[in-house]
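To start, the structure under review is shown below, and the notes come after it.
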Amino acid sequence: MPELKKSPAWQALNAHYERIYPVHMRDLFDQDPHRFEKFSLQINDILFDFSKNRITEESLTLLTNLADHSGLKDQIEAMFRGDPINTTENRPALHTALRGSRQNTPIYVNNQDINPEINRVLSRIEQFCDQIRSGKWRGYSGKKITHIVNIGIGGSDLGPKTVLTALQPYADENIKVHFVSNVDQASIIETISTLSPETTLFIIASKTFTTQETMTNAHSARQWLMNSAKNTHAISKHFVAISTNQTAVIDFGIASDNIFEFWDWVGGRYSLWSAIGLSIAISIGFKNFTQLLQGANDVDNHFKNAPFESNIPVVMALLGIWYNNFFNAASHAILPYAHSLRYFSDYLQQCDMESNGKSIDRNGLHVNYETGPIIWGQSGPNGQHAFFQLIHQGTKLVPCDFIAPAHNRYESPDQHAILLANFLAQPEALMQGQTIEQVKKEFAQNKHPRSFLQSKIFSGNRPSNSFLFKEVNPKTIGSLIALYEHKIFVQGCIWNINSFDQMGVELGKKLARSIVPELQNNQPISSHNCSTNGLINYYKKIRSS
Ligand code: F6P
């Protein structure tokens with residue numbers, strides 16, 4: 001592939017940017033009453049409106065040319081086929097296989113079709129769900145399991161937590177699921193202090209089974225169980241593990257019958273579709289879990305087959321590149337208008353930033369263009385009273401995704417209309433803005449200083465996407481997450497980076513391991529730079545005083 005910035009596709013976008021930059025979206029809407037129809041797409045009941053972007057039809061053509069230039073079609077096929085696209089770790093990235101396995105279209109890894117293995121683990125998940133939900137599975141003293149604690153971090157926490165929070169209306173009320181991720185003891189202590197060891201099941205979710213935070217919390221949980229059960233036999237009734245590292249799980253003391261396997265070709269942040277989703281399946285039931293997989297599988301098929309200009313993840317990715325690489329927008333905000341989707345931006349933050357926060361390309365060279373944006377956000381209504389000021393009037397361009405269901409769990413039409421009115425108003429305000437003429441008209445009655453009038457101006461022309469769908473259900477949430485996963489993949493392809501490793505998290509982990517023993521005595525240390533030494537020595541001083 002020729003150097004990205006020198007490619008004709010990139011150069012054409014550069015020239016196009018110069019023409020588009022001064023154009024206001026207000027005028028684009030005035031000129032074309034069909035802009036919404038032209039720039040909106042649908043998959044199942046999810047409507048994706050991208051008309052409030054700084055684009056014309058020509059922009060879309062030029063952006064899809066960039067995708068063609070990157071060989072995107074071949075790269076999509078390579079991912080679905082199971083080629084080792086995670087080149088640094090020499091592995092495929094086959095989260096898509098996890099949600100398509102029941103169709104049994106063969107996918108080979110090391111010359112073996114992986115569908116039978118995926119389906120075998122799915123059957124085990126189904127059986128286990130039934131045992132827990134029906135109460136057949138009993139704790140060490142013969143009581144039913146009423147609480148589940150998922151101990152994991154990163155993808156092994158955020159995936160199940162985000163999905164289960166979204167799907168609370170589907171949750172079994174007799175089994176409460178808790179999530180512990182932080183190695184701060186407060187997290188595990190505050191969780192288990194309200195629970196009984198006799199009725200609690202711990203799911204230790206860790207791909208590697210070596211993650212310091214997870215293993216530390218898992219040991220605390222085991223100790224808590226032992227304090228009460230006084231017999232290691234109780235572990236088999238109260239601990240299950242989800243991991244690719246069976247040896248480490250068995251060393252920890254969890255029996256092989258209690259291990260739910262997954263595979264190194266599933267990235268941690270793409271793993272909720274694997275056994276990592278066990279807590280989801282137990283809580284919402286296996287049938288609903290398969291709907292979650294189905295929703296994602298529908299998007300996989302759309303992503304594989306739709307032409308780029310009507311392919312939702314491709315369009316999402318290209319718009320992101322348009323702002324990231326041509327408008328120099330450093331970040332992208334995710335703004336759900338549903339309380340149940342409150343962890344969605346946290347989830348996408350890991351998925352996107354751990355995937356595309358890279359500066360070395362797939363040839364080992366430094367990139368000379370921007371890669372992954374900063375992904376941030378929170379529930380839209382709360383964000384409106386926190387950071388929307390900056391999005392509307394600040395000096396930074398922040399493209400936004402607005403996400404809302406037409407129905408919600410507690411349907412009071414008046415209250416939901418208020419929520420939805422805000423979901424609709426914010427993108428319109430961002431797009432339209434407010435001119436000085438409008439301000440003068442509104443405040444014509446009273447005399448106001450110039451600074452007051454100027455501060456009431458909204459430049460507008462600030463881009464956003466809107467996602468609107470019927471309700472948050474398993475299928476829709478599966479589809480939504482898969483749309484973002486593929487958006488991330490497409491961007492990685494165009495930037496020519498490996499979206500499936502995460503080497504950048506290793507150095508800090510390694511250093512932390514070496515610092516732990518240094519904190520376990522009162523001796524001043526001098527083994528680091530003077531800043532770290534100073535902090536460690538001050539820590540020791542205030543701990544001992
Ligand atoms: O942050 C690094 C990371 O490896 C993530 O990719 C992963 O989701 C998380 O740590 C947890 O890893 P594991 O599931 O192996 O405990």
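The values are calculated or read from the model by the stated rules, or taken from the named source; none is laboratory data. All figures in this text were calculated on a predicted structure; none of them were measured in a lab. Neighbour counts are summed over all protein chains in view; Cβ atoms, including those assigned to glycine, are modelled from backbone coordinates with ideal geometry. Accessible surface is based on the protein model in full, side chains and every heavy atom, while ligands, DNA and RNA are left aside. Shrake-Rupley method; radii C 1.70, N 1.55, O 1.52, S 1.80 Å.
Points to keep in mind about this one:
- Considering all C-alpha pairs of the chain, those separated by over 41 Å amount to 29%.
- Per residue, the stretch 443-506 exposes 37 Å² of solvent-accessible protein surface, assessed with a 1.4 angstrom probe and all protein chains in place.
- Shape of the stretch 279-425, Cα gyration tensor, a/c cut at 1.5: oblate
- Size of charge dipole - the stretch 415-518 - debye, nearest 20, with Cβ of Lys, Arg +1 and Asp, Glu -1, no other charges: 380
- Global geometry of the stretch 65-111, whether rounded, prolate or oblate, following the gyration tensor of its Cα atoms and the 1.5 cut on a/c: oblate
- Formal net charge of residues neighbouring GLY320 (Cβ-Cβ distance under 12 Å; K, R +1; D, E -1): -2
- Of interest is the spacing of the C-alpha centroids, which for the stretch 53-118 and the stretch 473-545 amounts to 28 Å.
- Residue among THR87, PHE29, ILE375 farthest towards the positive dipole end of the chain, charges placed on Cβ: ILE375
- Accessible area expressed per residue, the stretch 87-135, with surrounding protein chains retained (probe 1.4 Å, Å²): 51
- Mean Cα-pair separation over length for the chain, i.e. relative contact order, pairs under 8 Å, 6 or more apart, %: 18
- Neighbourhood net charge (13 Å Cβ-Cβ; Lys/Arg +1, Asp/Glu -1) for ASP172: +2
- Taking a ≥ b ≥ c as the square roots of the eigenvalues of the alpha-carbon gyration tensor, the stretch 272-322 is classed prolate because a/c is 1.5 or more and a/b outweighs b/c.
- Net charge dipole size for the chain [Lys, Arg +1 and Asp, Glu -1 on Cβ; Debye, nearest 20]: 1320
- Percent of Cα pairs in the stretch 253-348 per distance bin of 10 Å, from zero to the largest separation: 12, 28, 38, 16, 6, 1.
- Simple Cβ-charge dipole of the stretch 312-470, Lys/Arg +1 and Asp/Glu -1, about Cα centre, in debye nearest 20: 480
- Apportionment of accessible area to carbon and sulfur, the chain, percent (1.4 Å): 51
- Average accessible surface area per residue within the stretch 173-288, 1.4 Å rolling probe, Å²: 39
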